[in-house]
Amino acid sequence: MMNNIKTIKKIINDIKYFNPKKIDDIKKFKIKFLGKKQGIITSLINKLKYIPIYERKDIGMILNKLKNEVKEKIRKSYIKIQDLNINKFDTTIPGKSIEIGSIHPISIIKNKIIKILYSIGFCYVDGNEIEDDWHNFTALNIPVLHPSRDMQDTFFICKDPDLLLRTHTSSVQIRYMKKNNPPFKIFSIGKVYRNETVSSNSNYMFHQVEAFYVNKNVSFYNLKKTIEYIINLLFGKIKVRFRLSYFPFTEPSAEVDILYDNKWLEIMGCGIIDPKVLKNVNIDYDMYTGFALGLGIERLAMIIYKIKDIRIFFNNDICFLNQFTSVF
């Protein structure tokens, strides 16, 4: 009995003053007291059957308590060592580059366009992906029952016919012009949604960029030169043509084509902002004019990288994505 009490006191003392400096110290401490074959506490528990019954219960409770204290000491010691290692980490050491991924082709084209627009004085503004009818349609001269709404059928939120997923980034133009006075050169870029059948050429979600410029005496000549500059930086010296078209929010309007691989390819729409749109945001259309241009990022990426199926952009195919190891 006296030997057991002496041993227990020593265990208590060892636990109290245990102060490890490394992980190996903790491992040795665990083996010393809880090792399956020679652990001090383990051995004492195994010898309980040789102790008189009237002493067995009390000593058993003490040993069980010590066993739990050793486990708790081990747990806290591990935490302490980890904290010490974290504190020793030198945050001024340069990080190590790990080549485990690549930039998505959509991001490559998007970043290139952003860089181009910044270089000619446009500023970026963000906007809502969930819009209301007025900002997405009506303010852009697309009233209820207008035929062009059929081309931009979208997804409505719950049962509210006034809340929808935006069909173009033009809604950002409306929100910005409501709160700011001309002159301004702005662009917005992001996801847009349309109720399209998914195929090799179309998807219900895609990325669009819209740029618009409002000032005194803005002309179609300004628009034409801006677009030619953007196209030259994207494709190099290439033939460009403007075809008359129709958009409710611009007048006159045009589609822009490029001669690429001996074929004329449509890449964007553009036009002079319709005076009705300026009137809807309380801008004096007798004093100010403006232009707007919009293009799809996926369409550009498919042309530049010769991709035949738009769906592959969203499949997360590693073999496909690993091909894009550099940016513009």
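The values are calculated or read from the model by the stated rules, or taken from the named source; none is laboratory data. Source: prediction; values computed, not measured. Every residue, glycine as well, gets a Cβ built from its backbone with ideal geometry; the counts of neighbours run over all protein chains shown.
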Residue pairs qualifying under the 7 Å Cβ cut-off, at least six apart or on distinct chains, with the first in the range 20-45 being over 14 Å from Q82 (Cα atoms) and the second being loosely packed, with under 14 Cβ neighbours inside 10 Å and of a type in the set (K, R), are T42/K36
(1) within 19 Å of S171 (Cα to Cα); (2) polar (S, T, N, Q); (3) at pLDDT below 95 all hold for T289 apart from (3)
Quick check on the range 298-311. Is at least one of its residues modelled with pLDDT of 90 or more and in a strand (DSSP E or B)? no
For Y193, the lone unmet condition from (1) under 18 Å from K279 (Cβ atoms); (2) among the aromatic types (F, W, Y); (3) in contact with a Ser or Thr (Cβ under 8 Å, 6 or more places away or on another chain) is (1)
Cβ pairs under 7 Å, 6+ apart or interchain, first in the range 309-320 and under 13 Å from V198 (Cα atoms), second among the acidic types (D, E), ordered by first then second residue, are I310/E298; F313/E298
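Given the criteria assigned to a loop (DSSP other than H, G, I, E, B), in the same structural domain as H168 (by TED's automatic domain parsing) and under 33 Å from the mean Cα position of the chain (by Cα), does T197 qualify?
yes
Might you let me know whether the range 290-305 holds any residue that is farther than 24 Å from L117 by Cα and either aliphatic (A, V, I, L, M) or buried (at least 19 other Cβ atoms within 10 Å of the Cβ) (or both)?
The answer is no, given that none of the residues of the range 290-305 is farther than 24 Å from L117 by Cα and either aliphatic (A, V, I, L, M) or buried (at least 19 other Cβ atoms within 10 Å of the Cβ) (or both).
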Out of curiosity, is N217 under 29 Å from the mean Cα position of the chain (by Cα), farther than 22 Å from I116 by Cα and either assigned to a strand (DSSP E or B) or touching a residue at least 12 places away in the same chain (Cβ under 8 Å) (or both)?
no
Q. Does the range 250-259 include one or more residues that are touching a Pro at 6+ places or on another chain (Cβ under 9 Å), assigned by TED's automatic domain parsing to the domain that holds K306 and not basic (K, R)?
A. yes
Within the range 108-162, of all residues that are among the basic types (K, R) and over 19 Å from the mean Cα position of the chain (by Cα), the one modelled with the highest pLDDT is K159
Of the candidates I93, I79, the one satisfying the condition of being more than 21 Å from V281 (Cβ to Cβ), modelled with pLDDT under 70, aliphatic (A, V, I, L, M) and loosely packed, with under 15 Cβ neighbours inside 10 Å is I93
Check your understanding: If we scan the range 225-243, do we find a residue that is farther than 19 Å from S119 by Cβ, in the same structural domain as L295 (by TED's automatic domain parsing), out of contact with any helix residue (DSSP H, G or I) (no Cβ under 9 Å at 6 or more places or on another chain) and surrounded by 13 or more Cβ atoms within 10 Å (Cβ to Cβ)?
Key -> no
Log entry, pairs with first residue in the range 163-192 being farther than 15 Å from D284 by Cα and without any contact (Cβ under 8 Å) to a residue 60 or more places away in the chain, second being surrounded by fewer than 22 Cβ atoms within 10 Å (Cβ to Cβ) and small (G, A, S), beta carbons closer than 7 Å, six or more apart or on different chains, reads S171/G127; V172/G127; R175/G127
